[in-house]
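The values are calculated or read from the model by the stated rules, or taken from the named source; none is laboratory data. For clarity, every value in this text was computed on a predicted model and none was experimentally measured. Cβ placement follows ideal geometry from the backbone for every residue including glycine, while neighbour counts extend to all protein chains displayed.
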Amino acid sequence: MAAVLGGSTGAWATHPDYEGERGIEAHVALGYGLFTSASDRVFLTPGDAAGGALDAFSGGFNARFGAGYRLLPFVSVGLTAGVQFLGAAEQYTPTEASFGARDSFIGYTVGIYGRLYLGSLVNGARNDPRVFFNGAGDRRRFDPFVSLGVEFVQGIQRSRSYTEPQNLTSWTTSYVGLPLVFGAEYRLTTQFALGLNLGVTPLVGGSTTKLNQIRELRPGIDQTTRTSTEYTPDASGNLNLWLGLTARYTLTF
């Protein structure tokens with residue numbers, strides 16, 4: 001019996017979680033997101049927007065993905081990427097409407113993050129190992145966190161088509177984002193957790209690239225002209241908000 005107990009204790013003592021959790025983590029958040037500035041000002045120059053801005057898009061389905069490494073029981077760092085589907089408001093000037101304008105929108109992000117796991121920090125992870133859980137109410141199952149990051153690419157793309165399929169216009173407005181995320185997760189197992197995330201991302205340094213493709217068709221001439229311009233949009237700052245259900249898997253070594 002002593003040998004068995006000694007062997008069990010030794011097994012626990014050498015378990016990766018015994019001295020605090022470290023390892024690879026991957027997570028996904030699915031939910032709803034929106035931008036507080038969602039009119040033509042996101043894409044137009046200040047001069048073009050001076051006469052008034054129409055609604056351009058609304059919020060929609062948001063998906064965010066992350067992969068990183070838990071350096072310490074209470075700290076992890078990694079990479080993030082995301083996609084934001086946005087609904088077109090379908091508001092156009094009389095001229096654009098006469099050409100049969102139709103819009104579609106999508107947003108995207110690429111960045112880095114650092115997470116602070118508050119539960120592990122407060123509980124003292126080295127003295128509170130997750131070798132096993134004592135029931136559904138075990139405090140080690142609750143894994144609240146806060147994270148801060150940088151989104152080097154935070155873009156909103158607008159694509160506009162017309163009745164004449166060769167005529168196209170697209171605007172891509174890119175920002176730098178500083179995402180602040182609050183999360184509360186519950187560990188169903190030592191590796192797998194489900195929860196809820198709330199993200200707030202101030203966006204700065206807006207820059208818009210406008211691409212025009214126009215087809216000229218008349219007797220003896222059938223040519224397509226493409227032009228590109230870059231400028232600072234009227235809405236050079238913005239705010240992205242999102243709320244999602246999350247799943248996370250942590251592979252400890």
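Listed values, structure above:
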{"read-out": "Gly119 vs. criteria within 20 Å of Leu245 (Cα to Cα) and either more than 15 Å from the chain's Cα centre (by Cα) or aliphatic (A, V, I, L, M) (or both)", "value": "yes"}
{"read-out": "Tyr186 vs. criteria farther than 23 Å from Thr93 by Cα and under 19 Å from the mean Cα position of the chain (by Cα)", "value": "no"}
{"read-out": "Selection from segment 233-253 of residues that are under 17 Å from Thr173 (Cα atoms) and buried (at least 18 other Cβ atoms within 10 Å of the Cβ)", "value": "Pro233, Asp234, Ala235, Ser236, Asn238, Asn240"}
{"read-out": "Number of the condition not met by Leu121 [criteria: (1) of a type in the set (A, V, I, L, M); (2) modelled with pLDDT of 95 or more; (3) under 27 Å from Ala67 (Cβ atoms)]", "value": "(2)"}
{"read-out": "Filter pass, Asp143 being among the acidic types (Asp, Glu), buried (at least 19 other Cβ atoms within 10 Å of the Cβ) and either farther than 30 Å from Asn238 by Cα or modelled with pLDDT under 85 (or both)", "value": "yes"}
{"read-out": "Helices (runs of 4 or more DSSP H) fully within segment 1-101 counting 1 or more residues that are modelled with pLDDT of 85 or more and acidic (Asp, Glu)", "value": "46-49, 94-98"}
{"read-out": "Failed condition for Arg160, given (1) more than 30 Å from His27 (Cα to Cα); (2) within 16 Å of the chain's Cα centre (by Cα)", "value": "(2)"}
{"read-out": "Single residue of Thr252, Thr208 found to be of a type outside the set (A, V, I, L, M) and under 27 Å from Phe142 (Cβ atoms)", "value": "Thr252"}
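Yes/no matrix, rows are residues, columns are (1) in contact with a Ser or Thr (Cβ under 7 Å, 6 or more places away or on another chain); (2) farther than 21 Å from Leu196 by Cα:
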| site | (1), (2) |
| --- | --- |
| Asp55 | yes, yes |
| Ser58 | no, yes |
| Ala67 | no, no |
| Ser104 | yes, yes |
